[in-house]
Amino acid sequence: MKNKSISKSTFIMFFFDLIVLLSITYFSIIFCNLQIGNILSLICILFVATTGLITNYLKGNYKIREFNPSFWNFYRMFEGMIFTHVPIGILLFFFVDKSTLIKFLGINVLIIYFILCIYRFCFHYYLFYIKKIKNILILGTDERAKIIADEIQSKAALKMKVVGFVQDDFSEEIIPDSNVSVYSKPESLKHIICDNKIDIVIITQPTELILTIPRDIKIYKMPEFYELVTGKYYIDEKTVTELYYIHVTHSSIIYDFCKRAFDIIAALIILIVTLPITGYIAIRVKLTDGASPFFTQTRVGKDGKTFECYKLRTMYINDYVPKDSEDVKYAESVKSDDRIIPFCRFVRKARFDEIPQMINILKGEMSIVGPRAEWVDEAKIFKQKIPYYSGRMWVKTGWTGWSHINMNPVFTIDEERERLEYDFYYIKHRNVLWEIAILIKAVFLAIGGRHR
């Protein structure tokens, strides 16, 4: 079966950005007559290109199917270019006349920004109005077939169309979308594929029909395709069993050692760098009502073991506890919540209140990246209401994680189910390099006050 996690369009966009960043910076240095020598000029060009690519990644500018010509996306691109040029501006501050430096930075930022925006606008037009739509055929008419069809149809930017379902003799029948055909004669599968010019076949359950599919057709298992288009793990009894098998049999001493080293190094760096800020916040909270600025909450960690999670207090003293209801409300407050100390609203958005959790990480109770550490009462509720919820406890909970950077705060049972899919996706694919990327993106979002 063919698999493809990064599209050709993403590589093309990445390469185009690289060329633009390198060439425009080179011409800006010449145009502004910086006179900084060949070596420093080369360093500046490579530095802008590297930071620009990293910033675009962190800003989500390579999620090309989510890009659209909206004010928010263009603003995010501009903000990214500003971040890109801050380090090089600091470097050149000691070598270049200040007026010349400002001229160089302004010209470089604006030209690169406009070229990247124009390219993305053109790509968006191509994606929605020119690019050929891929036809999808789903083998099966069960719940899996319905779910993946709904996912495809809800994402117009995929440029995919579900042509129909093929009902196998052993398939569980469902009521599919009335706009999608159901083929009840699987023996004519080859003709169905040829007549409808099928590009991709998705299989929901094991079937002998796969043997009749032409070799030039891409074939995906439903859970595999679900991961590709959502970044989440499809959850049912069979897939959870497979995930547990992967988790148990693919354990690695090398990975565990590298992850622990990463946790310790990252936690120490974050603690040291943010010490002045957290110290200032602690003093202000103490002066607000006289109570301790630090507190602990009992959270559930790996294997269901509880631990005391350290936090900076951002609320006035209260006795809030989660309630068992259909819509489980978190302690994650809404903007109008008057329990929050006024100056701590940004503290919560930037996640400075969770910096003390670095102590939990150094103690080995948490990790930098992993599923969220839940309150004990919340965990009990979710285990009762959400199947396989305890599976997220196979690994250490994290200060940030894949679900953290992809979802807004969770307030309902359905949202928690979705977050579990992100957590399982992390458990399946986790590796240290990816976790470093998640941490960098989380820090980037936190600095901008937009961490979820």
* To do: Would you mind getting me the FRET efficiency between residue 159 and residue 408? Use the beta-carbon distance for r and R0 = 45 Å, nearest 0.05.
  => 0.95
* Asked: Please state the relative contact order of the chain as a whole percent: Cα pairs under 8 Å, 6+ residues apart?
  -> 11 percent
* Structure fact -> residue 118 and residue 185 label points (each 7 Å along its Cα→Cβ direction) are spaced in nm at 5.5 nm
* Based on the alpha-carbon gyration tensor of the stretch 249-447, what equivalent-ellipsoid semi-axes (square roots of 5 times the eigenvalues) come out, in whole Å, largest first? -> 26, 22, 14
* Ranked by Cβ crowding within 10 angstrom, fewest neighbours first, how are 425, 310, 316 ordered? -> 316, 310, 425
* Asked: Looking at the P(r) of the stretch 134-230, how many percent of alpha-carbon pairs lie beyond 18 Å?
  -> 37 percent
* Structure fact -> Any lysines whose Cα falls less than 18 Å from that of residue 238, other than same-chain ones fewer than 8 residues away, would be 146, 221, 428
* To do: Set the Förster radius R0 to 30 Å, insert the Cβ-Cβ distance between residue 305 and residue 253 as r into 1/(1 + (r/R0)^6), and round the FRET efficiency to 0.05.
  => 0.90
* Structure fact -> Ordered by fewest other Cβ atoms within 10 Å, a rough proxy for footprinting exposure, 31, 225, 444 read 31, 444, 225
* Structure fact -> Unit-weight point scatterers at every alpha-carbon of the stretch 1-158, Debye formula, q = 0.11, 0.12, 0.15 1/Å: log10 I(q)/I(0) is -0.54, -0.61, -0.83
* Asked: Under a point spin-label approximation (7 Å from Cα along Cα-to-Cβ), what is the residue 95-residue 31 distance to one decimal in nm?
  -> 2.0 nm
* What order do you get for 151, 237, 308 when you list them from fewest to most C-beta neighbours inside 10 Å? -> 237, 308, 151
* **Helix-only [θ]222 nm of the chain, DSSP H runs n ≥ 4, -39500 (n - 2.57) each, per residue, nearest 500** => -17000 deg cm²/dmol
* To do: Divide the volume of the convex hull of the Cα atoms of the chain by its number of residues and quote the answer in cubic angstrom per residue.
  => 187 Å³
* Which chymotrypsin sites (Phe, Trp or Tyr not before Pro) does the stretch 33-128 hold that lie in a coil by DSSP with at most 12 other beta carbons within 10 Å? -> 93, 94
* Say the cut-off is 18 Å between C-alpha atoms; which of 349/383; 155/218; 8/134 go over it? -> 349/383; 155/218
* Asked: Once whole DSSP H runs in the chain are found, which of them have Cα atoms spread over 15 Å or more along the helix axis and a mean Kyte-Doolittle score of at least 0.0?
  -> 8-31, 37-58, 71-92, 98-129, 253-289, 432-447
* **Mean Cα-pair separation over length for the stretch 8-129, i.e. relative contact order, pairs under 8 Å, 6 or more apart, %** => 35 percent
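Coordinate-derived values only; no laboratory data. Bear in mind that the values here come from a model prediction, so they are computed numbers and not experimental data. Note that we place each Cβ from the backbone using ideal geometry, even for glycine, and neighbour counts take in every protein chain shown.
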